[in-house]
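Just so it is clear, none of the values below were taken in a lab; they were calculated from the coordinates. Since the model is a prediction, treat every value here as computed from it, not as a measurement. Here the Cβ is made from the backbone with ideal geometry for all residues, glycine too, and neighbour counts use every protein chain on show.
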Amino acid sequence: MMGTESHIAASARPAIGGGFRLQWEPAQQAHVLLYPEGMVKLNSSAGEILKRCDGARTVLEIVADLETAFGATGLATDVTAFMAFALSKNWLEIRE
Amino acid sequence: MSTPPAHVAPTAAASPATVGPPLWLLLELTYRCPLHCVFCYNPTNFAQTTDELSTDDWLRVLREARALGAVQLGLSGGEPLLRGDLEILVAEAHELGFYINLVTSGVGLNETRIAALKRAGLDHIQLSFQDSTREMNDFLSSTKTFELKSKVAALIKQHGYPMVLNVVLHRLNIDHVAEILAMAERMHADYVELANTQYYGWAFKNRDKLLPSRVQLERAERVTAEFRARIGGKMRVFFVVPDYFEARPKPCMNGLGSIFLTITPDGTALPCHAAKMLPLEFPNVRAAGVDWIWRDSPGFNHFRGDAWMKEPCRSCPEKTKDFGGCRCQAYLLTGDAANADPVCDLSPHHHLVTDAVARAERPLVEEKPLLFFRDAKTSRAIS
């Protein structure tokens, strides 16, 4: 399964994977993903992407929101590449 | 509790000047336990502990540790379900933002309590099995618990918890890895930890009866790899190799005082759950705040950085990767906690490890194990 999800549809609505919890940790000045006996410390762009993955917004909407928030354009490739990676790690899931 | 958490993202080695947060907080709520496992890492003199911390003490520890940045919480023991205030502690920990892991034998986890713990905010349950068969599970824990644990496994899934199945491996059950993995699959475990015994506490006392042979170990690793390939992403399987078979030591606890903080039932604060054996003065949460304990106490600063190291560690290029290995193992095997972990083949004491491994090569047939079962009577008798 790992590494096979190289694509994610623009209309998909990604959510944080079951068994994972995303939260901001002031002591680490970072978003972290928590799971049974483990933790992933996210860099700032990964944190910004994942905190928008609420199962309601589509990939397209999330990309647009990020571009607005950071005054950037052309983020779609990087964002979807990261989302595909996060899906392969079960950090994200697509609920049908 | 059987294994230290193995997969927290590592950070740089701590020195007294740059102390990071104690990301991992392990509360050993009690030494009382209905099981009597021969490989338990609890201290062999555990029966001398009679005065457990109160609910209020634990609540204060939770608040103070969270303020320092602790985020992963392990509730262990002994058997943490023997604390009637477990639900209160979980509720407060959840309110504070901890990710809460309950490490349990399953004994005492009924429908009522599992639902109450879920409401309180418990995130995950790690259930220990001693083997895949009733006979061996019950023998190794010196109890009749296999059926009960199987029921608890079903309850855990029913209530929507992610389930980690933990099985401590050793000479007497490592040949059953295929059956253990099949059992985990039947129970729909999300994670399986096949954790080879680490030789501290009761396990060290029983070491020569528990250390597997190299052939056993390699077979178990092969079986695990085949299972992983078949199961794919449905289940994550961790296989923790016994470090006696390695040539380089493990980066134990990512260096003492770096990310782990353990509080024992009587309130002693330790930089590792096995560290009580070390000849150091460790602080107690009854007498000091967690902030001072973590940042300033001599017990926690002693093995930070590398000033304490001796040769061959001091001049070793790998000292920033493995921190000289495990202090407890160095102390247990060589009598000096500042020595290199004898697992390292550069250690002048490495033969202590290879001798034990060589003794494990004896044939398995007709072995009648005479083991020390972890119970209060034996504890008092040998300590």
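Across all directions, the shadow cast by the convex hull of the range B:46-88 built on its C-alpha atoms averages 3.6 square nanometres.
Comparing Cα centroids, the range B:86-151 and the range B:190-223 end up 23 angstrom apart. Computed from the Cβ-Cβ distance with R0 of 35 Å, the FRET efficiency linking B:R63 to B:A307 stands at 0.60. Using the Cα coordinates of chain B, the gyration tensor eigenvalues translate into equivalent-ellipsoid semi-axes of 29, 28, 20 Å, sorted from longest to shortest.
Between B:A178 and B:R248, 0.36 nm times their residue separation minus their Cα-Cα distance comes to what?
Full extension from B:A178 to B:R248 adds 22.4 nm.
My understanding is that a pair violates if its Cα-Cα distance is over 18 Å; which of B:K118/B:K144; A:K89/B:K234; B:K149/B:K209; B:K205/B:K377; A:K41/A:K89; A:K89/B:K157 do that in this structure? Check vs 18 Å cut-off fails for B:K118/B:K144; B:K149/B:K209; A:K89/B:K157. Fully extending the segment from B:E281 to B:T320 would add 11.5 nm, taking 0.36 nm per residue of separation and subtracting the current Cα-Cα distance. Across peptide A:37-45, the average count of Cβ atoms from other chains found within 10 Å of a residue's Cβ is 5.
Modelled spin labels at A:E61 and A:S11, positioned 7 Å past Cα toward Cβ, are 1.5 nm from each other. Take the Cα radius of gyration of the range B:202-293 and divide it by 2.2 N^0.38 Å, N being the number of residues; the result is 1.50. Simple spin-label estimate for B:K157 and A:T73 gives 5.2 nm between the two label positions (7 Å along the Cα-to-Cβ direction from each Cα).
List the residues whose amide H sits under 5 Å from the amide H of B:T262, counting only those 5 or more places along or on another chain, with H placed 1.01 Å from N in the peptide plane. The list, which skips near neighbours in sequence, is B:L26, B:L270, B:C272.
Let me have the 222 nm mean residue ellipticity of chain B computed from DSSP H runs of 4+ only, each contributing -39500 (n - 2.57), with the sum over all residues rounded to the nearest 500.
Dividing the helical sum by the residues of chain B leaves -9500 deg cm²/dmol.
A Förster distance of 30 Å, applied to the separation of the beta-carbon atoms of B:E361 and B:N110, puts the FRET efficiency at 0.10.
Simple rule: put +1 on each Lys or Arg Cβ and -1 on each Asp or Glu Cβ in chain A, find the dipole, and look at A:V63, A:S11, A:A86; the Cα lying farthest toward the positive end is A:A86. Antiparallel beta bridges, as assigned by DSSP with both residues in the protein assembly as shown, represent about 35 percent of the total such bridges. Between the C-alpha center of the range B:17-44 and that of the range B:255-317 there is a gap of 14 Å.
Shape summary of the protein assembly as shown, radius of gyration then Dmax from alpha carbon positions: 22.7, 73 Å.
In order along the range B:249-259, the Karplus-derived 3J(HN,Hα) couplings, from 6.51 cos²θ - 1.76 cosθ + 1.60 at θ = phi - 60°, round to x, 6, x, 4, 6, 6, x, 4, x, 9, 9 Hz, and Gly and Pro are given as x. Applying 0.36 nm per residue to the separation of B:K377 and B:T354 and subtracting their alpha-carbon distance, the gain on full extension is 5.0 nm.
Once you treat every alpha carbon in the range A:4-81 as an equal point and sum by Debye, what is log10 I(q)/I(0) at q = 0.19 Å⁻¹? Once normalised to I(0) and log-transformed, intensities are -0.87. Computed from the Cβ-Cβ distance with R0 of 45 Å, the FRET efficiency linking B:D85 to A:S44 stands at 0.70.
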